[in-house]
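Since the structure comes first, as structure tokens, the remarks are kept for the end.
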8 protein chains.
Amino acid sequence: MTWLVYLSGEIHSDWREQIIAGSNSLGLPVNFVSPVTDHAASDAAGDVLGGEEKSFWRDHKSSKVNAIRTKTLIEKSDLAVIRFGDKYKQWNAAFDAGYCAALGKPYITLHDESIIHPLKEVDAAAMAWAEEPAQVVEILQYVVSSGGSDR
Amino acid sequence: MTWLVYLSGEIHSDWREQIIAGSNSLGLPVNFVSPVTDHAASDAAGDVLGGEEKSFWRDHKSSKVNAIRTKTLIEKSDLAVIRFGDKYKQWNAAFDAGYCAALGKPYITLHDESIIHPLKEVDAAAMAWAEEPAQVVEILQYVVSSGGSDR
Amino acid sequence: MTWLVYLSGEIHSDWREQIIAGSNSLGLPVNFVSPVTDHAASDAAGDVLGGEEKSFWRDHKSSKVNAIRTKTLIEKSDLAVIRFGDKYKQWNAAFDAGYCAALGKPYITLHDESIIHPLKEVDAAAMAWAEEPAQVVEILQYVVSSGGSDR
Amino acid sequence: MTWLVYLSGEIHSDWREQIIAGSNSLGLPVNFVSPVTDHAASDAAGDVLGGEEKSFWRDHKSSKVNAIRTKTLIEKSDLAVIRFGDKYKQWNAAFDAGYCAALGKPYITLHDESIIHPLKEVDAAAMAWAEEPAQVVEILQYVVSSGGSDR
Amino acid sequence: MTWLVYLSGEIHSDWREQIIAGSNSLGLPVNFVSPVTDHAASDAAGDVLGGEEKSFWRDHKSSKVNAIRTKTLIEKSDLAVIRFGDKYKQWNAAFDAGYCAALGKPYITLHDESIIHPLKEVDAAAMAWAEEPAQVVEILQYVVSSGGSDR
Amino acid sequence: MTWLVYLSGEIHSDWREQIIAGSNSLGLPVNFVSPVTDHAASDAAGDVLGGEEKSFWRDHKSSKVNAIRTKTLIEKSDLAVIRFGDKYKQWNAAFDAGYCAALGKPYITLHDESIIHPLKEVDAAAMAWAEEPAQVVEILQYVVSSGGSDR
Amino acid sequence: MTWLVYLSGEIHSDWREQIIAGSNSLGLPVNFVSPVTDHAASDAAGDVLGGEEKSFWRDHKSSKVNAIRTKTLIEKSDLAVIRFGDKYKQWNAAFDAGYCAALGKPYITLHDESIIHPLKEVDAAAMAWAEEPAQVVEILQYVVSSGGSDR
Amino acid sequence: MTWLVYLSGEIHSDWREQIIAGSNSLGLPVNFVSPVTDHAASDAAGDVLGGEEKSFWRDHKSSKVNAIRTKTLIEKSDLAVIRFGDKYKQWNAAFDAGYCAALGKPYITLHDESIIHPLKEVDAAAMAWAEEPAQVVEILQYVVSSGGSDR
């Protein structure tokens, strides 16, 4: 069985690359999917549908186009990893966490100790809290293992 | 991952061909499914089950046979594109939109600006409104991309 | 048990009044709910949220405000009656039918014989097709009866 | 029919009071529910279950006790209003929005224009965006009205 | 709490009356609902919608009108009792049993020992098999009791 | 796309063979699954779990073992064909129909005209009624076709 | 709003009475339901359906009759409290916990510190772990409160 | 079709190996999955996320990491086999049974006759009770067979 893991949240550091590289170096049967992580492209996702004067509607159209992708990939995934960094509001990451929680989709949060308190509701519905990508890789290795009498 | 896209609605123009050709020329990992688009064949779908004097029952039988196909394909799809042209009532297309909305299945509408107002409820539940097949292809290209750190 | 019936569709004739009056005159245990049927008010439902230059966005905002009401009432109802008249596109009525179908919510269509063919998909998923409000009232009387050994 | 509306988010301004007062002054058939909005009490919700040295576990226990309430009330509600203020991370509000979105529960966002961009994913799944509590009250008045032929 | 019990199946003996009388004489907090049990009325349920020459379509229309009632009542019930007598095909009763099974709705079968074998699939998904209405009443009395420390 | 079709009901005639042969001769992309159709083996399915003196419990155990198979295969199928012959009670076939109906799984009934009336509830929830296996094959051919602009 | 709380598990101590008395003395808007807690009556719940020589079948029949009650009450409840004592296997309590977890129904466990390790999977899916009934009452008081700006 | 079978419960005997070997020797189209069955590894599953002084929290973190695996695999499986041995509390096995029951996932229990009574609720919701792994293999062989006219 191959697992599908959705990587949600922060797009300004290389945490995705670290997790993917770590998983691949261990040969884990895990595929990764993500939102579009090119910030400018993501903001412009709806521009092909016509320009908007109001920023609200430009954002609205782009967010919905992005949601076609993110909603579908989250629902297909077996597990999500949701990363909160130290910048920006990152409400989309918390939104994804709530979405997972309501679907009963397990997720792992990845964030520093300094933001434990504001993330308490998000962490309360998570299956694990990790501080480093390497910890996530170890969890993945354990979860997808076929050790013991399992085959 | 290969995406499955359902193409619902108008059967009297080549919008399906344009989308499929555009997607194929870009090599997108997308498969397309549709209702039976041969009008006469669709109207006669239930005739094999015996003739009917009343047109209501002939239509009823054919529509249910068609629904075996359409309901199944919509439910299996990741996304629907729903096309409204300038002729006919096209209530079946609006019915498909409502069906998608209730299932939480994302859909894109494809129609001219001239029918924005009567389609407002249908558009309100859509993820995007496009006027041209080429726009749909661009959205598909974006949505199914594996760019960024995604792989 | 009191039944809740949603009356969807045409807003330019008095079919709702006829059904409600007929049901009330029989003392049936049925409550009726509807979308807002004041056309101008419905089109302006989102105006309180700020003006829009583009008609698409005015319609979009109003349709979503209306959908808070219609989606909630449809989901709470036990049965819908969906009326198609002889004017306008009425795609919202077909959308409601598709929404009901996907939810497994039973509905009755109410329309003239002249539009059987374009409504064939909508009728195929309906529990009954009536041509007159009085027929709907008779169906309601039968459906909600407590006759026989039932009490 | 009485509507149940969940008021999620910011606890440091009187937006809840404004909406409730506005609704009550109009005599709307709406009941309101909320998370516990006493900040200190909310943080201490799990203390009765025993002290914790690590703040993570204190938060964890309190968040789960709070979630018994919030999850239940959200699921019972017909509509949520989700408020984002100008202070704090407010990830719990975005989490509630994602939770509503996955359940298909309609919600209205309430926030200033200045945070449109970071809230674009949250707004994209909302049924309306309001800037002032008074707008929310107007929307409620419209949505729960029994005008037209509805009774 | 009041329980709602659906009484499905045979309409040619007084088993419903026995169960209802037994439950009422014990003052149990149970309401009972049933399909329309007047055979002729049930067969004619769709006649108001217009005559049919083919018996298939007359049956079809009446069955769907009946299904508005039966499907709704089964889904609202807490428990079903499904009675198989010694006459007729009674496929509708077995259909109701399958419907309950798929919904996870508990049901009790009520039938003679002589038809154990052909009912084995229906009994396999039931919560109990009774031979006499009085046994059903005893089960109801037990199930809805508030004895012990329950209140 | 390959379709999975469940063949439910009568085990004493060769209707399954006819449908499968017809479908295969046309090269349709359809796989077929069925309950175990060896009558004696089916009745003995639970015997490995220990003998029973009472026929009720032998039947009970065997029916549950069979249900592991039938329930799983029905749920995985895209479509069911449910055959009623002229012998036996066949309540299990009607049970399967009700199970499909509650799941929203489309099914086709296959039976003679002589049993239209007792099967009216079962037919009312079906997508088609056929009298001959060859008709079912024609319906399958139509439903799974990729004609028109579909590919 | 009145909350419904299901009290599952141990029947040989007075923990239910303590919680109910505590809640009532505070005037909390909480109703409590439970399985039948009379051990002998529970074991004999199916006896009215006929005697069994094998203890397996007597247990089987009684357990299913009990399940009509417990399954229904758990599904209707807003919250469960699941008590593990120091005697017996109590697999039914763990079964109820798993049932709640799969439904997304919140539950609180109530047990001594000495059995933390064998209950770790049950506690991992719980919203809270309490050691004393008084703690459960405090949690209930907090959860159902209407304090703050909530009304 | 290949079946996926989840093997839950006891980890101190070789019942899993027996079932897998028996199935493989018959060439059955069955894949097996299990929780991590290395007791020490399972207890330490969360240790990578940081040490805990309180055993409750160490257990809590490990159980949740394990649940990512077990919950996902149970939900993907077609059938579960749940083994109760003669040692330990085994509440996790009963929890898995309740989880399966609420999902409508069929399961077979595997245990000695000596624990029939405490397992009566767990057995009541099972599709079969076996005493020996060889019986489970025979059931699997029957359930996944393609005999009769099935192919």
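The values are calculated or read from the model by the stated rules, or taken from the named source; none is laboratory data. What you see is a predicted model; the values in this text were computed from it and never measured. Positions of Cβ are backbone-derived with ideal geometry, glycine not excepted, and every protein chain shown enters the neighbour counts. These area figures cover heavy atoms from the full protein model, side chains too; ligands, DNA and RNA do not enter into them. Shrake-Rupley method; radii C 1.70, N 1.55, O 1.52, S 1.80 Å.
Could you pull the Rg and Dmax for chain C, using just the Cα atoms, both in Å?
16.4, 62
Which loop-located trypsin sites (Lys or Arg not before Pro) does region D:9-101 contain, where loop means any DSSP state but H, G, I, E or B and the Cβ has at most 11 other Cβ atoms within 10 Å?
Of the trypsin sites (Lys or Arg not before Pro), the ones in loops of region D:9-101 whose Cβ has at most 11 other Cβ atoms within 10 Å are D:Lys87.
Under a plain spin-label model, where a point goes 7 Å from the Cα along Cα-to-Cβ, how far apart in nm are A:Ala44 and H:Ala40?
For the pair A:Ala44/H:Ala40, the computed spacing is 5.7 nm.
Taking loop as defined by DSSP and a crowding limit of 14 other beta carbons within 10 Å, which GluC sites (Glu not before Pro) in region E:78-140 fit?
Answer in residue order: E:Glu131.
Translational D (Stokes-Einstein, µm²/s) of the protein assembly as shown at 20 °C and 1.002 mPa s when Rh comes from the Kirkwood sum over C-alpha pairs?
It comes out at roughly 68 µm²/s.
Long-range amide H contacts for B:Leu119: which residues qualify at under 5 Å (H placed 1.01 Å from N, peptide plane, sequence gap of 5 or more or a different chain)?
none
For H:Ser13 paired with D:His117, estimate the spin-label separation in nm (one decimal), with each label point 7 Å from Cα along the Cα-to-Cβ line.
6.5
Region H:8-109: which GluC sites (Glu not before Pro) are DSSP loop and have at most 10 other beta-carbon atoms within 10 angstrom?
H:Glu53
Across region B:69-151, how large is the tail of the calculated P(r) beyond 23 Å, expressed as a percent of all Cα pairs?
25
For the rotation taking D to B, I'd like to know which residue in chain D has the C-beta closest to the axis, plus that distance in Å.
Result for the D and B rotation: D:Gly104, 3.
Which whole-number value in Å² is the accessible area per residue of region B:1-96, probe 1.4 Å?
Here the per-residue accessible area is 36 Å².
Taking the Cα centre of chain B as origin, work out the dipole magnitude from +1 charges on Lys and Arg Cβ and -1 charges on Asp and Glu Cβ, in debye rounded to 20.
Here chain B has a charge dipole of around 540 debye.
Among G:Trp57, G:Gln135, G:Thr70, flag the residue with its Cα farthest along the positive direction of the charge dipole of region G:50-151, charges on Cβ as +1 for Lys/Arg and -1 for Asp/Glu.
Most positive-ward Cα: G:Trp57.
For chains F and E, what's the summed buried accessible area, probe 1.4 Å, to the nearest 100 square angstrom?
Approximately 3100 Å², summed over both chains.
Work out the count of Lys pairs in region D:3-141 where the Cα-Cα distance is under 28 Å, with the pair 8 or more places apart or on different chains.
26
Could you work out which residue, out of G:Leu49, G:Leu110, G:Leu73, moves most in a Gaussian network model of chain G, that is, has the largest mean-square fluctuation with Cα springs under 10 Å?
The residue with the greatest mean-square fluctuation here is G:Leu49.
What does a probe at H:Ser146 reach in region H:12-37, counting residues whose amide N is under 13 Å from the point 7 Å along Cα→Cβ?
Output list for this probe position: H:28-30.
For region C:31-129, what's the relative contact order in percent, using C-alpha pairs closer than 8 Å and at least 6 residues apart?
RCO, region C:31-129: 21 percent.
Out of the total accessible area of the protein assembly as shown (probe 1.4 Å, heavy atoms of protein only), what percent is carbon and sulfur?
Whole-percent figure for carbon plus sulfur exposure: 49.
Just checking the output field for H:28-41: average partner chain Cβ neighbours within 10 Å of each residue's Cβ?
Other-chain Cβ atoms within 10 Å of each residue's Cβ, averaged: 3.
Across peptide C:104-115, how many C-beta atoms of other chains are within 10 Å of each residue C-beta, on average?
2
So for A:Thr2, D:Thr70, what's the accessible-area order with a 1.4 Å probe, most first?
A:Thr2, D:Thr70
Could you state the per residue volume, in Å³, of the convex hull enclosing the Cα atoms of region C:10-93?
Given the Cα convex hull of region C:10-93, per-residue volume reads 108 Å³.
Please compute the average number of Cβ atoms from other chains found within 10 Å of each residue's Cβ in peptide F:17-26.
Taking the mean over all residues of the peptide, I get 1.
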